[in-house]
Each structure stands twice: as structure tokens, then as C-alpha cells.
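Asks: Let me begin by handing over the structure; questions about it come next.
The values are calculated or read from the model by the stated rules, or taken from the named source; none is laboratory data. All figures in this text were calculated on a predicted structure; none of them were measured in a lab. Glycine gets a Cβ as well: all are built from the backbone with ideal geometry, and neighbour counts include every protein chain shown. For accessibility, only protein heavy atoms count, side chains too; no ligands or nucleic acids. Shrake-Rupley method; radii C 1.70, N 1.55, O 1.52, S 1.80 Å.
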Amino acid sequence: MSLLLSSMTENVGLITLNRPSALNALSEKLVKELLQALNEFDSNPEVGAIVLTGEGKAFSAGADIKELNDLTFVNAYMCKFLQNLNDGIAAIRKPILAAVNGYAASILLGGGCELAMMCDLIYAGETAKFGQPEVKIGTIPGAGGTQRLIKAIGKAKAMEMILTGDFITAQDAEKAGLVAKVYPVDKLIPEAIEIGKRIACLSTPVIVMAKEAVNQAEEMSLKNGLLFESRLYHATFGLNDRKEGMTAFLQKRKAQWSNS
Ligand code: CAA
């Protein structure tokens, strides 16, 4: 049985982690299915953006502790699934919007919080809670938490969350810059899909270049990042869509994108 649901709303792919009995804990099988679904949408020319959410009260409560419990150092060291998750999501060209849902308190912990941070944008329902509670089970974040959280919310707040395992609310996550916007719980998925549609209606190569340039800011020095941005900016002048976008603006009409 599949551990996720996959569907399309117009030009937006929707992936729902569907293992609610285990609060969508990230088992090896779930991660494999997730990467497969992401790759299918990424290579589908009809899809311009992807929304990722979770069924039930948790977006994801992190890595599957039942699978982790018997790991030895060597098993953990040799097991590549979290690395595959990081690398696999980094390789997706189209924007991924995490919609941290929940009709009760939605929980996003450990690897779940790290999964959301691997995405390009995070939207949250107003009852969502974010945390990296790994220290409470004798380990530390292992899917990017110590590296990405500090970049998202700064050292003081990241250190506090990681050292205490305490949760922060969606509102605090928005104030700190981890979350782009908080919505009423029942509006979250429709709003995330709506934003996905607005992105997907633009020129796909332009959006992919914009995403690539922004993500490089986390990897490069300012000097190299500015050069990288310039080169991609110059590359847009090789696109029919760049010519169409500017011509349509000057002719006061709506642009007709050809994704070329
Ligand atoms: N892995 C496996 N199963 C999990 C799980 C996880 N991360 N989180 C919850 N579950 C399971 C529970 O075992 C329980 O299953 P059973 O009904 O079969 O007993 C079910 O989901 C419901 O969970 P609770 O009864 O605990 O629900 P709750 O509402 O009382 O508490 C919670 C919710 C606070 C999220 C609590 O479940 C919890 O603390 N979960 C663990 C969170 C955590 O430590 N995450 C980090 C995992 S390690 C990691 O992610 C490493 C990394 O960085 C890669």
C-alpha cells in the first residue's frame, strides 16, 4: 500500500504524506515514494509547482524512530536514505511548497521540520508547531536541522530549539522567517495550491532559474552568488519568454508563455 497520495490541481502537483497512524514518520519506504512522486511531477511538463502536505494531525513527526531504534553506528553510517532525501529534493527543479497542515495541532518535528526546510517555501496552518526534539531521544538532528535552521531563523533561536527540543508556534516561526505565511487551518491547502498555481502560470524556465539563483545564496559567498545570479539573468535573454514578457508589458497585454 502506498504511503502517500498524489494528485494534480490544474498545473500544481499535490503530494500528501499518508501515514497518519504514525504521524507521517519518515520511514525508508515513505522517503522512497516521496522522491519518486516528486520526480514524476518534476518531469511532467503540465506541472509548474508542487505542494507537499501531510494527512492527519502531523505534517511529519520526523524520522521513523521504530526504524532508527536498532541501528548500530555502522548501519546508520552506511544507510543513505536521509542523504538521498536531501540530495533528491535538492535535485528537483520546480518549486516545492510545504503546506504544514493540521486540523488539530499540526506537528512538524525532527526530520519533518527538516523536510519542510528542504522545500522552497513553507506555509503553515495557524495551529502548527515546529520543533527539533532529537536531543530528547538521545540524538541530534540528522537531516539538515543544525545547518538549515540556523540559516532560517538565526543562531539564537535555532540553538534554543535544538538544545531544548522545545516547539515554536506557527506565528513565531513566521516572525522568525521560517514560514512565509500563516493561514487559518481550513484555508491552508487551498491557499498553498493557489500560490502554486500563480507560480505555475509563469514561464517554467524563468521560475526554475529564479529558484536556482535563490538557493545558491545558501551555498556561495556573496561575490560568487552575485556572479551566478548575473549569469542566469543574462541567460534569460536567450529565452523566448523573456522577449515575450517584456514585449507584452510594453504592449500592455498579458504575456503568453511558451516555456521556451
Ligand atoms: N517515528 C515513529 N513513530 C512515531 C513517530 C516517529 N517519529 N512519532 C509518532 N509516532 C507514532 C507513535 O509511536 C504512535 O504510534 P502507536 O499509536 O502505534 O503507539 C503514533 O505515532 C501517535 O503518536 P503519539 O501517541 O506519541 O501521539 P501524541 O499526539 O501523544 O504525540 C508527538 C505527538 C509529540 C509528535 C509524539 O509522537 C512525539 O514526540 N514523536 C516523536 C517526535 C520526535 O522525536 N521526532 C524526531 C525523530 S528522530 C529524527 O527525526 C532524526 C532526524 O533528524 C533525521
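Asks: Per residue, how large is the accessible surface of the chain? Use a 1.4 angstrom probe and give square angstrom.
Replies: Accessible surface, normalised per residue, equals 53 Å².
Asks: Where Lys and Arg each count +1 and Asp and Glu each count -1, what net charge lies around Cys119 among other residues with Cβ under 12 Å from its Cβ?
Replies: +1
Asks: Mind checking the log10 I(q)/I(0) for the chain at q = 0.11, 0.14, 0.15, 0.16 Å⁻¹? Debye, one equal scatterer per Cα, no solvent, two decimals.
Replies: Computed log10 I(q)/I(0) values: -0.62, -0.98, -1.10, -1.23.
Asks: Also, I was wondering about something else. Report, to the nearest whole %, how much of the accessible area of the chain belongs to carbon and sulfur atoms, 1.4 Å probe, protein only.
Replies: Of all accessible area on the chain, carbon and sulfur atoms account for 57 percent.
Asks: Once you've got the Cα coordinates, tell me which of Lys197/Lys254; Lys32/Lys94; Lys32/Lys155 are over 21 Å apart.
Replies: In this structure, Lys32/Lys155 lie more than 21 Å apart at Cα.
Asks: Farthest toward the dipole's positive end in the chain, which of Leu178, Gln83, Gly56, given Cβ charges of +1 (Lys, Arg) and -1 (Asp, Glu) about the Cα centre?
Replies: Leu178
Asks: Of the residues Asn86, Asn101, Asn75, which exhibits the maximal mean-square fluctuation in a Gaussian network model of the chain defined by a 10 Å Cα contact cut-off?
Replies: Maximum among the listed residues: Asn75.
Asks: Can you give me the Rg/Rh ratio for region 55-209, using Cα atoms for both radii and the Kirkwood formula for Rh?
Replies: Here the Rg-to-Rh quotient is 0.98.
Asks: While we're looking at this one, here's another question. Note down the magnitude of the dipole of the chain about its Cα centre, charges +1 on Lys and Arg C-beta and -1 on Asp and Glu C-beta and zero elsewhere, to the nearest 20 debye.
Replies: 700 debye
Asks: Treating only the Cα positions of region 15-83 as identical point scatterers, give the base-10 log of I(q)/I(0) from the Debye formula at each q in 0.24, 0.25 Å⁻¹.
Replies: Computed log10 I(q)/I(0) values: -1.05, -1.09.
Asks: Here's another thing I want to ask about it. If we count every other residue with Cβ under 13 angstrom of Pro95's Cβ, Lys/Arg +1 and Asp/Glu -1, where does the sum land?
Replies: Local net charge: +2.
Asks: Continuing with this model, one more query. Would you work out the relative contact order for the chain, in percent, from Cα pairs under 8 angstrom that are 6 or more residues apart?
Replies: Worked out over the chain, it gives 17 percent.
Asks: Give me the net charge for the shell around Val135: Cβ to Cβ below 12 angstrom, other residues only, Lys and Arg +1, Asp and Glu -1.
Replies: Surrounding charge for Val135 is -2.
Asks: So, one more: Quickly estimate the mean residue ellipticity at 222 nm for the chain, helices only: each DSSP H run with n ≥ 4 gives -39500 (n - 2.57), and the total goes over all residues, rounded to 500.
Replies: Mean residue ellipticity at 222 nm (helix-derived): -14000 deg cm²/dmol.
Asks: Sticking with this one: Loop sites only, by DSSP: take the GluC sites (Glu not before Pro) in the chain that have at most 11 other C-beta atoms within 10 Å and name the longest stretch containing none of them.
Replies: Of all site-free stretches, the longest is 47-217.
Asks: Still on this structure, I have one more. Ratio of Rg to Rh for region 204-250, alpha carbon only, Kirkwood?
Replies: Reported Rg/Rh, Kirkwood definition of Rh: 1.06.
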